[in-house]
1. So Ala84 clears everything in (1) of a type in the set (Gly, Ala, Ser); (2) under 19 Å from Glu158 (Cα atoms); (3) touching a Pro at 6+ places or on another chain (Cβ under 8 Å) except one condition, right? Which one?
2. Of Asn293, Asn222, which residue is more than 30 Å from Gln120 (Cα to Cα) and either in contact with a Lys or Arg (Cβ under 9 Å, 6 or more places away or on another chain) or without any contact (Cβ under 8 Å) to a residue 40 or more places away in the chain (or both)?
3. Read through the list (1) without any contact (Cβ under 8 Å) to a residue 40 or more places away in the chain; (2) crowded, with 18+ Cβ neighbours inside 10 Å, then give the number of the only condition that Thr430 fails.
4. What do you reckon, is Asp378 part of a loop (DSSP other than H, G, I, E, B), closer than 27 Å to Ala303 by Cα and of a type in the set (Asp, Glu)?
5. Checking Val242 against (1) of a type in the set (A, V, I, L, M, F, W, C); (2) more than 16 Å from Val196 (Cα to Cα); (3) modelled with pLDDT of 95 or more, which test does it fail?
6. Out of Thr283, Thr298, I need the residue that is at pLDDT below 95 and hydroxyl-bearing (Ser, Thr, Tyr). Which one?
7. If you scan the stretch 187-239, which residues turn out to be over 13 Å from the mean Cα position of the chain (by Cα), part of a strand (DSSP E or B) and within 18 Å of Val133 (Cβ to Cβ)?
8. Might you let me know whether the stretch 140-151 holds any residue that is surrounded by 21 or more Cβ atoms within 10 Å (Cβ to Cβ) and at pLDDT 95 or above?
Amino acid sequence: MKLLRIALLTLLVASCKTAPKPVIAGGDVLFDDEACVADSGINGQIRVVGDNLSSLLETTRCVTGSVIVEASTLTRVELVSMRAIGGDLIVRDNGSLRQLSLPNLEIVRGSVLVLSNPNQIAISAPKLAVVGVDVRIGRDLDLDAALSPSSPGSSIRELEFPALTNIGGRFKVENNPSLTKLSMPVLVSVVDGFIVERNAALRDVALNRGIDFDGGLFIRENAALTTVAGFQVVGRIGGDFVVTKNGKLESLVGLDELSAVGGDLLLVDDDKLKTVSLPQLATIEGVFELRGNETLRTFELPALIAVDDRVEISGNNGLEEVSLPALKNIRGNLDVSSSYALKKVKLGALARIGGDVGLVDTAVLPGLDAPVLAEIVDDLVLKVNAGMQDVPFPALKRVGGYITISDNPELASLAGMPKLDTVGLQLFVTGNAKLPDCAVKKLVDQIKGRGPMWGTTVRGNDADGACE
């Protein structure tokens, strides 16, 4: 019985050419198929389906197509001579596999996929320098969509790529329950995202300083991870930067040189996160969310100038102060909600908000400290704020949509908006038990005297309260 199936194999006589070298030009791997075949190579694909490896595969230096080891009973896969693979390297669903040894492999034009091999596996690829598409280790939900996130991936204790410099697609190490260490000391660029997700034992990450994270950086659900310092971020992350549900992560120390995020910045549901300090971060080109970090105490983004989408700060129930002293422009919404210890939101340079402003369900927050905020492009919503006694927007002149002020039990004055002269749609002031109706009338008269407003709704306030 043949234990090795080889598609389209054509062995050619060796010439003076040698196997392709690991080179990337313009984001693409340069791979010479003719040189591959000439250097003890195979023109085609190799697929292993049995319980041992052919001596042919063990002596082959180069393959123009893919090498696939899938659903075999092998305990060891050792490609001693292999230097270059023109397609993918796929090692998948091998129930007995314990060792993958690639001592001389330098280049893979396609992807490296080591997925759903349930036993403890040792991976050795000391010379692998370039992967043209993806590197995916463990189990990938994109490829195994029918399985749940808790289904077992590959059981790998340490993952090291000492020579790997470039990944033309995505790097994803996911659902490796035994993985404790990830080391990639010379990696320079990852084009489509660097993802470390659901590795319950991962504690030690050691990456090259200043990797070009073109496609973003995602650190999610790594239960034992206590620090992100090993990611060694310098300068700009090209896509999204997501840190979420890492059960023991206490700070973002080590990201001091992060200067820009090219997509969203999401710091969400890290229960032990106490400190967020990103002293050089100046721009966020997408959404900024600081949400659900129950023990967060310190938040510092002193250099942040602009957010190109919305800002959401919610559910950080230990956080008392948010200070964004350099922030000048938010192009989307600003939402501050469900933050029961929050006493101050300092926005000393903020002049314009390109969407809505919502302050909802806060316990002690008196309002925004935004002394130069002059324009809110859409709606202003102030609702269920137990600590709000006035509406402190001293420079606010224009609200382009609705103003809703409702159910703020201690609110007694609307004098904090003396320059407001334009409300694009309507004013709703309802259910503020201590707010005199005459204070609302003063604000309405102020606005109507300076600009149009479609209408007002006033009810459930203090109808008998006096005004000065």
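The values are calculated or read from the model by the stated rules, or taken from the named source; none is laboratory data. Predicted model, so just to flag it, every value in this text is computed and none were measured. Cβ sites come from the backbone with ideal geometry, for glycine too, and all protein chains shown count toward neighbours.
1. (2)
2. Asn293
3. That leaves (2) as the condition not met.
4. yes
5. (2)
6. When all the criteria are applied, what remains is Thr298.
7. Ser189, Val190, Asp212 - these are the residues of the stretch 187-239 that are over 13 Å from the mean Cα position of the chain (by Cα), part of a strand (DSSP E or B) and within 18 Å of Val133 (Cβ to Cβ).
8. no
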